[in-house]
Amino acid sequence: MISHSQFLAVIPRIIFVVAIQIIVGVNSFSEFDKIKSLPEQPEVEFKQYAGYITVDEVQQRALYYYFVEAEVDPASKPVVLWLNGGPGCSSIGVGAFVEHGPFKPAKKGLMKNDYSWNKEANMLYLESPAGVGFSYSVNESFYDLVNDEMTARDNLIFLQHWFTKFSEYKNNDFFLTGESYAGHYVPQLAQLIIQTKTKFNLKGIAIGNPLMEFNTDFNSRAEYFWSHGLISDSTYEIFTKSCNYSQIRRQYQSGTLSSICARVNRLVSMEISRYIDLYDVTLDVCLPSEKQQAYVLTQLQEGEKIDVCVEDETYIYLNRKEVQKALHAKLVGITTWLTCSGVLKYNMKNLEIPTISVLGSLVKSGVRVLVYSGDQDSVIPLLGTRSLVNKLAKEFGLNTTESYRAWFKGRQVAGWTQVYGDLSFATIRGASHEAPFSQPERSLVLLKTFLKGKSLPVSSEM
Ligand SMILES: *[C@@H]1O[C@H](CO)[C@@H](O)[C@H](O)[C@H]1NC(C)=O
Ligand SMILES: *[C@@H]1O[C@H](CO)[C@@H](O)[C@H](O)[C@H]1NC(C)=O
Ligand SMILES: *[C@@H]1O[C@H](CO)[C@@H](O)[C@H](O)[C@H]1NC(C)=O
């Protein structure tokens, strides 16, 4: 619930905005969303905006965004939408403040991120669907069962209004990006944009460690665990033969875990130990809350939620009242901003909707597709992702234009890549599920190359 003091604080602004809107029409002024400065923010030259776009006037459902203009010459740079996954996790809390936004919260306030994606693009972070982060629905029945279709529809309406508000960006190249469960959100939104013939300048999509096909993605986990020494030979055998992970997930979601699957799951968890970060098996633990973003994908740890670090700077920062005020954010129907929604009930059956073939049709309609994978992630491991992309290329008759090879950042191998015309696959070496969080420099090279439609650097000379 909104406290009285906060409520009072927003009233003068509402009256002012309403008065202006009567004259110029709803939602048309970006100036009101301009951020003066964030608490403890280093001085910067670029502009930032944040606020709400109403996607349903009657139900009072509104989506919250944070828009960061490119550091240099924003007019000539593309607009890149970023979506985090979950389903139900925040693109502001994870994408913007932990992965690739301009600032990272630290003990002494905000630090400048040297590898911010706004070096290459105008970054639009969207909290979606309603119920996630600062996005809300006043009619809370909306939260009862949200699905992929509703998410895509609201995101499309959001974008239509957003491009009206920021009409100076209407003709810039436009890209959709995201990770994890955004392997659903991003292709589905791109498909809807094309189906509805919405006039955005959509050039491409990029998805990182994405959920694209339930069985392949989840079953690649066994081999990943085994090949990284997390489980024994014998456990690997029963984890593939007696009960595999896609079965475990299905049974778990329907509330009927068979005794054999329960036993396999316990054995696997025990061998891995609790002190491994499944989103990056080489990283030390003390899971910060950004790791929750795919918590829905790992919540099998016998009902246990992933532990969050007490000192999670982003969580603390975004819950400070003066920060929320500076960000034009409100808490509607909730008392705390959370990394992953505590109110949203997402239709978990939707996890089984394959999105891999959607990528094929996007390529066919002239949209460039990049699928990338942080190679230390065991939640959506590169093994499944790589085979899905390979299979897709075969099915859609997309020939290899660049054979599997290493790509570079500086003098080091930054990952491996294979290109099939407008469809590309790339790994990021040493990166976690949230690749830009653990490999910011390599991730920025990948983004830059993708936006420009170029080949990844073939050697350290480039
Ligand atoms: C709230 O939303 C639910 C589900 O979308 C709908 O059935 C109901 O009529 C709405 N309530 C009001 C007061 O509009
Ligand atoms: C997982 O188990 C199910 C049920 O036995 C089976 O149909 C499926 O082929 C298995 N998947 C893999 C990848 O082994
Ligand atoms: C792919 O390669 C095959 C065999 O060389 C060729 O017949 C086909 O036309 C190629 N497809 C495209 C889209 O270039």
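Since every read-out is calculated from the coordinates, none of them should be taken as a lab result. The shown structure was predicted, so the numbers you read here are calculated from the model rather than taken from an experiment. When we count neighbours, we look across all protein chains shown, and the Cβ atoms used for this are built from the backbone with ideal geometry, even at glycine.
What nm distance separates the two modelled labels at LEU145 and THR240, each placed 7 Å from Cα along Cα→Cβ?
3.8 nm
In degrees between 0 and 90, to the nearest 10, how far off the longest principal axis of the chain does helix 382-395 point, with axes built from Cα atoms?
Once rounded, one gets 90 degrees.
May I ask you to order 372-384, 75-87 by the average number of other C-beta atoms within 10 Å around their residues, highest value first?
So the peptides 372-384, 75-87, ranked by packing, come out 372-384, 75-87.
So how far, in whole Å, is the C-alpha centre of segment 329-367 from the one of segment 192-238?
Centre-to-centre (Cα) distance: 15 Å.
Just to confirm my numbers, what's the Cα centroid distance between segment 386-457 and segment 118-178 in Å?
That distance is 26 Å.
Which far-off residues, 5 or more places away or on another chain, put their amide H under 5 Å from the one on CYS89, with H placed in the peptide plane?
SER341
What's the long-distance tail for the chain, i.e. % of Cα pairs beyond 43 Å?
So the pairs more than 43 Å apart make up 11 percent of the total in the chain.
Report for the chain the percent antiparallel among DSSP-assigned beta bridges with both residues inside it, nearest 5.
Close to 55 percent.
Using modelled backbone amide H atoms (1.01 Å from N, in-plane), which distant-in-sequence or interchain residues come within less than 5 Å of ARG61's amide H?
The answer is VAL55, ASP56, VAL138.
Measure out, as a whole number of angstrom, how far apart the alpha-carbon centroids of segment 24-84 and segment 248-264 sit.
Comparing the Cα centres of segment 24-84 and segment 248-264, I get a distance of 43 Å.
ASN399 to LYS452: extension gain in nm, 0.36 nm per residue of separation minus the Cα-Cα distance?
Result for the pair: 17.0 nm of gain on full extension.
In degrees between 0 and 90, to the nearest 10, how far off the longest principal axis of the chain does helix 182-195 point, with axes built from Cα atoms?
Here the helix axis deviates by roughly 60 degrees.
What residues from segment 63-95 fall in the zone where the backbone N is under 19 Å from a label point 7 Å along the Cα-to-C-beta line of GLU45?
Zone members listed by number: 68-78.
Apply the Karplus parameterisation 6.51 cos²θ - 1.76 cosθ + 1.60, with θ equal to phi minus 60°, to every residue of segment 153-168 and state each ³J(HN,Hα) to the nearest whole Hz, in sequence, with x for glycine and proline.
Taking θ as phi minus 60°, the curve returns 4, 5, 5, 5, 4, 3, 5, 4, 5, 5, 6, 6, 5, 10, 5, 5 Hz for segment 153-168.
What are the radius of gyration and Dmax of segment 228-285, computed over its Cα atoms and given in Å?
Radius of gyration, then largest Cα-Cα span, for segment 228-285: 12.1, 33 Å.
Using the Karplus curve 6.51 cos²θ - 1.76 cosθ + 1.60 with θ = phi - 60°, what ³J(HN,Hα) values do you get for each residue of segment 37-51, in whole Hz, with x for Gly and Pro?
Running phi through 6.51 cos²θ - 1.76 cosθ + 1.60 with θ = phi - 60° gives 5, 8, x, 6, 7, x, 5, 9, 8, 7, 9, 10, 9, 7, x Hz.
Which loop-located chymotrypsin sites (Phe, Trp or Tyr not before Pro) does segment 202-289 contain, where loop means any DSSP state but H, G, I, E or B and the Cβ has at most 15 other Cβ atoms within 10 Å?
TYR275
Can you give the local net charge around PRO210? Use residues other than it whose beta-carbon is closer than 13 angstrom to its beta-carbon, Lys and Arg +1, Asp and Glu -1.
My count for the surroundings of PRO210 gives -4.
Mind checking which lysines have their C-alpha under 24 Å from LYS364, skipping anything on the same chain fewer than 8 residues away?
LYS170, LYS197, LYS199, LYS203, LYS391, LYS394, LYS448, LYS452, LYS454
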